[in-house]
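Presented below is the structure to which this report refers.
A short reminder: the numbers here are calculations on the coordinates, not readings from a lab. Please read all numbers here as calculations on a predicted model, not as lab measurements. Cβ atoms come from the backbone with ideal geometry, glycine included; neighbour counts cover every protein chain shown.
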Amino acid sequence: MKNIIKLSALVLFSMSSLIANAQTATRDNAGLQGDAGAVSGFFETVNPVNYPAGANSWWHLLDVRHGNNNNNYAMQFAGSFFDQNLYFRKTDNWAERPWQKIVMEKDGEVVLDRLTTVSNGTMLNQGNANNFISNFIVRANTGGRFEDKGAQIEFVIPAGTAGDNPWGQGRIITVAGNGSNTNATGKMILGTRRMFDKYGNGQQWFYGDDIVIDGVGNVGMGTLIPREKLSVNGNIRAREIKVEATNWPDYVFEESYNVGTLKGLESYIKANKHLPDMPSAKDVEVNGIAVSEMLKLQQQKIEELTLHLIEKDKAIEKGASLAKDQQVQIEFLQKNFLELKQQLQLLMKEKK
């Protein structure tokens with residue numbers, strides 16, 4: 001990895017003879033040029049100048065200089081008396097050249113304040129081989145391919161203000177997507193740490209398996225085995241969801257479409273306890289609902305109902321028209337009946 005320097009035993013051994021024969025002198029300015037009195041050797045200072053940023057109080061300096069005193073080319077190491085940090089730079093004829101912090105390993109750990117990797121980039125189709133060329137690689141020698149053990153990146157926040165009492169807050173872990181040594185399919189799991197009953201034996205601190213990407217690209221939330229491109233074991237809340245659909249049931253309004261009769265529909269409902277073409281309650285409990293298909297079915301039923309309403313409205317209008325005609329006829333007959341009654345009354349008076 002670029003810009004990360006490790007001191008090896010070989011480098012330290014090559015410096016041992018110089019260390020054995022050198023005495024520590026005092027030099028405040030680490031950027032001093034040879035013709036100004038700078039020489040190779042070991043130095044200390046309580047007034048550090050051109051040392052690592054923020055340097056103060058007592059510091060060490062190891063300076064290995066160019067043989068020509070008229071330039072300022074040097075390889076330098078520096079460190080405070082009071083911590084285990086070590087810094088390095090090559091001045092390259094520049095007294096204020098910034099220092100780089102040397103990364104060191106302790107108890108199998110390398111601690112960094114910040115990590116920046118620089119490369120020429122990685123192709124989108126990277127992954128068709130095991131020649132790893134990514135900027136950042138996390139490798140776990142698990143001893144085989146396991147579906148519950150893999151390479152992990154963990155995010156830790158200390159509880160103490162001094163950086164002590166650290167606790168993991170979240171992680172990304174990649175495990176084998178199967179147990180076969182001939183199948184390199186992977187599976188990635190992201191989760192936060194919290195107190196919950198993960199394995200059915202009481203509340204404990206665990207990482208949740210919150211978001212899962214399986215070996216075929218399916219994404220699961222709250223489930224380790226997503227069966228669709230997105231499987232969610234829980235509720236979803238959104239401002240809007242757009243569902244794409246084909247064969248929208250406008251065909252119901254075609255002249256050739258057989259909408260059936262309400263009497264036939266009544267018979268089907270009595271026999272099956274659900275509308276034609278709609279899934280039963282048992283089917284829904286077992287297989288769930290395909291939203292796009294259900295929207296189409298519901299739209300089909302709405303349009304069929306609309307046709308039935310139109311037919312009923314026509315029948316009602318026809319009945320109303322017939323009733324109106326019958327009312328006219330009734331009124332005509334009533335008028336004739338009254339006239340006949342009046343004539344009959346007149347005849348009866350004349351006979352008297």
> Shape of region 249-329 from its Cα gyration tensor (a ≥ b ≥ c, root eigenvalues): rounded if a/c is under 1.5, otherwise prolate when a/b > b/c, or oblate?
Replying inline: prolate
>> Let me spell out the model: positive unit charges on the Cβ of Lys and Arg, negative unit charges on the Cβ of Asp and Glu, origin at the Cα centre of the chain. What dipole size does that give, in debye rounded to 20?
In response: 760
> Taking the alpha carbon gyration tensor of region 244-296, what are the square roots of 5 times its eigenvalues, largest first, to the nearest whole Å?
Replying inline: 22, 20, 5
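Over the alpha-carbon set of region 9-110, divide Rg by the Kirkwood Rh and report the Rg/Rh ratio to two decimals. Please report the intermediate quantities before stating the final value.
Working: Rg = 13.6 Å, Rh = 14.2 Å.
A ratio of 0.96.
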> Can you tell which of GLN100, SER267, GLY67 lies farthest toward the positive end of the dipole of the chain, using +1 and -1 charges on the Cβ of basic and acidic side chains (Lys, Arg; Asp, Glu)?
Replying inline: SER267
> Excluding same-chain residues fewer than 8 positions from LYS351, which lysines have a Cα within less than 29 Å of its Cα?
Replying inline: LYS335, LYS341
>> Tell me the angle of helix 9-20 to the major Cα principal axis of the chain, expressed in degrees between 0 and 90 and rounded to the nearest ten.
In response: 30
> Tally Lys and Arg at +1 and Asp and Glu at -1 over the other residues with C-beta under 10 Å from the C-beta of LEU275: what net charge comes out?
Replying inline: 0
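Classify region 107-188 as rounded, prolate or oblate from the Cα gyration tensor: take a ≥ b ≥ c as the square roots of its eigenvalues, call it rounded if a/c is under 1.5, otherwise prolate when a/b beats b/c and oblate if not.
On the way: a/c = 2.62, a/b = 1.45, b/c = 1.80.
Here region 107-188 falls in the oblate category.
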> Are there trypsin sites (Lys or Arg not before Pro) in region 166-231 that DSSP puts in a loop and that have at most 11 other Cβ atoms within 10 Å, and which ones?
Replying inline: ARG227, LYS229
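If you rank VAL118, VAL156 by fewest surrounding Cβ atoms within 10 Å, what's the result?
Numbers: VAL118 8, VAL156 11.
So the residues, fewest neighbours to most, are VAL118, VAL156.
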> How would you rank 301-313, 250-262, highest first, on the average number of other Cβ atoms within 10 Å across their residues?
Replying inline: 301-313, 250-262
> So how strong a dipole does region 81-220 carry about its Cα centre when Lys and Arg Cβ are +1 and Asp and Glu Cβ are -1, to the nearest 20 debye?
Replying inline: 260
> Of GLY160, GLN343, GLY202, which is farthest along the charge dipole of the chain in the positive direction, counting Lys and Arg as +1 and Asp and Glu as -1 at C-beta?
Replying inline: GLN343
> Angle between the Cα long axis of helix 291-351 and the longest principal axis of the chain, 0 to 90 degrees, nearest 10?
Replying inline: 20
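Among DSSP beta bridges lying fully in the chain, give the percent that are antiparallel, nearest 5.
Once the DSSP bridges in the chain are tallied, antiparallel ones form about 85 percent.
From the mean inverse distance of alpha carbon pairs (Kirkwood) and the Cα radius of gyration, derive Rg over Rh for region 100-256.
Values: Rg = 22.0 Å, Rh = 20.0 Å.
Reported Rg/Rh, Kirkwood definition of Rh: 1.10.
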> Setting aside same-chain residues fewer than 8 positions from LYS263, which aspartates and glutamates have a Cα under 18 Å from its Cα?
Replying inline: ASP277, GLU303, GLU304, GLU311, ASP313
> Any idea what Rg and Dmax come out to for region 151-232 if you just take the C-alpha atoms, in Å?
Replying inline: 15.1, 48
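Measure up LYS296/LYS318; LYS229/LYS296; LYS273/LYS301 against 24 Å on the Cα-Cα distance and list the ones that go over. Working shown, then result.
Numbers: LYS296/LYS318 33 Å; LYS229/LYS296 21 Å; LYS273/LYS301 15 Å.
Flagged as over cut-off: LYS296/LYS318.
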> ASP250: net charge of surrounding residues, Cβ under 11 Å, Lys/Arg +1, Asp/Glu -1, itself excluded?
Replying inline: -1
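Per DSSP H run of n ≥ 4, the term is -39500 (n - 2.57); total these for the chain, divide by its residue number, and report the mean residue ellipticity at 222 nm rounded to 500 deg cm²/dmol. Spell out each step's value before the answer.
Values: 4 runs with 91 residues, N = 352.
Taking each H run of at least 4 residues, the total per residue is -9000 deg cm²/dmol.
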> Roughly how big is region 183-307's charge dipole about its Cα centre, with Cβ charges of +1 (Lys, Arg) and -1 (Asp, Glu), in debye to the nearest 20?
Replying inline: 660
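Within 10 Å of each residue's Cβ, count the other Cβ atoms and sort THR142, THR26 from fewest upward. Spell out each step's value before the answer.
Values: THR142 13, THR26 10.
Listing THR142, THR26 from fewest to most nearby Cβ atoms yields THR26, THR142.
Taking region 61-127, which trypsin sites (Lys or Arg not before Pro) meet the DSSP loop condition and have no more than 14 other C-beta atoms within 10 Å?
Passing both the DSSP loop test and the Cβ count: ARG114.
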> With axes computed from alpha carbons, what is the tilt in degrees of helix 262-272 against the longest principal axis of the chain, rounded to the nearest 10 within 0 to 90?
Replying inline: 50
> Cα atoms only, the chain: Rg and Dmax in Å?
Replying inline: 44.2, 168
>> For a quick check: sort MET123, MET188 by the number of other beta carbons within 10 angstrom, fewest at the front.
In response: MET123, MET188
